[in-house]
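Peer 1: Sharing a structure with you now.
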Amino acid sequence: MIPAPPSRDLLRQQLQATLFFADVDEQVVRQLTLHAHWREYAAGELVMLEGEMPSGLYYLQEGWVKVVKTSPSGREQTLRFMEAGETFNEIGVFTNQPNPATAIALEAAGVWLIPRAVVRQLLRERPEFAEQLIAKLSERIVYLVSLVSDLSLHTVANRLARLLLESADDEGVLHRPRWYTQAELAARLGTVPDVVQRALRELENDGLIQVEKQQIRIINRPALAALIP
């Protein structure tokens with residue numbers, strides 16, 4: 001159940017707190033929020049579809065969303081898991097090409113859509129805004145290059161160790177919502193569930209982690225970190 005959408009003033013404050021809009025002038029953000037549209041999605045519902053023309057920039061207000069790339073055979077590679085407070089489809093604002101990936105709600109989600117035309121108009125009117133967005137997009141490109149490198153050069157065990165260390169909280173626990181199954185974990189690591197299950201079991205047998213139903217606890221952080229090249 002998604003609560004009522006927040007006020008636009010609150011949306012403005014939240015956007016300015018995101019990494020993508022942290023350095024953007026308040027008046028620019030105010031213009032963006034004035035034109036934002038509220039949308040709600042059920043678990044499993046498509047937020048945007050690969051191959052369709054982009055609608056605009058999304059801000060996730062409530063819930064979790066995953067962004068995936070699908071092969072012709074139907075196999076998914078998860079590019080990002082996003083929680084409330086994150087933006088996505090930034091590249092779709094700049095290009096006239098179809099969406100390069102699909103976004104799917106993992107649970108009931110509330111999303112603000114800022115139309116592409118509104119963002120592009122502000123980019124033309126405010127060159128400093130364009131420079132700031134280009135800088136943020138460059139950071140996303142660096143992340144994607146790192147993802148490609150990780151998939152091609154490192155083993156599943158290497159990638160799993162990195163994911164656990166990066167995703168765990170300060171107490172060394174990776175919390176797993178009910179949708180965070182081994183199939184989802186495998187899609188994020190670019191492999192299949194059986195391989196992930198085997199890798200988790202090996203790490204647990206070696207005393208590095210403890211796998212529980214809704215969380216994975218890191219037991220030996222230095223040893224787990226040593227698996228990362």
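The values are calculated or read from the model by the stated rules, or taken from the named source; none is laboratory data. From a predicted model like this one, the values you see are computed outputs, not experimental measurements. Neighbour counts are summed over all protein chains in view; Cβ atoms, including those assigned to glycine, are modelled from backbone coordinates with ideal geometry.
Peer 1: So, in segment 101-117, how many residues would count as being surrounded by fewer than 16 Cβ atoms within 10 Å (Cβ to Cβ) and either at pLDDT below 90 or farther than 12 Å from Glu45 by Cα (or both)?
Peer 2: Of the residues in segment 101-117, the ones surrounded by fewer than 16 Cβ atoms within 10 Å (Cβ to Cβ) are 108, 117.
Among the residues that remain, those that are also either at pLDDT below 90 or farther than 12 Å from Glu45 by Cα (or both) are: 117.
Going through segment 101-117 one residue at a time, the tally reaches 1.
Rundown of residues vs (1) basic (Lys, Arg); (2) buried (at least 16 other Cβ atoms within 10 Å of the Cβ); (3) outside any helix (DSSP H, G or I); (4) at pLDDT below 80, yes/no style:
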| position | (1), (2), (3), (4) |
| --- | --- |
| Gly92 | no, yes, no, no |
| Gln97 | no, no, yes, no |
| Val119 | no, yes, no, no |
| Leu123 | no, yes, no, no |
| Glu128 | no, no, no, no |
| Ala135 | no, no, no, no |
| Tyr143 | no, no, no, yes |
| Ser146 | no, no, no, yes |
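Peer 1: Would it be correct to say that Gly172 is outside the structural domain of Leu79 (by TED's automatic domain parsing), in contact (Cβ under 8 Å) with a residue 60 or more places away in the chain and within 30 Å of Ala108 (Cβ to Cβ)?
Peer 2: no
Peer 1: Please work out if Thr70 is out of contact with any helix residue (DSSP H, G or I) (no Cβ under 8 Å at 6 or more places or on another chain), among the polar types (S, T, N, Q) and farther than 30 Å from Glu125 by Cβ.
Peer 2: Yes: the conditions hold for Thr70.
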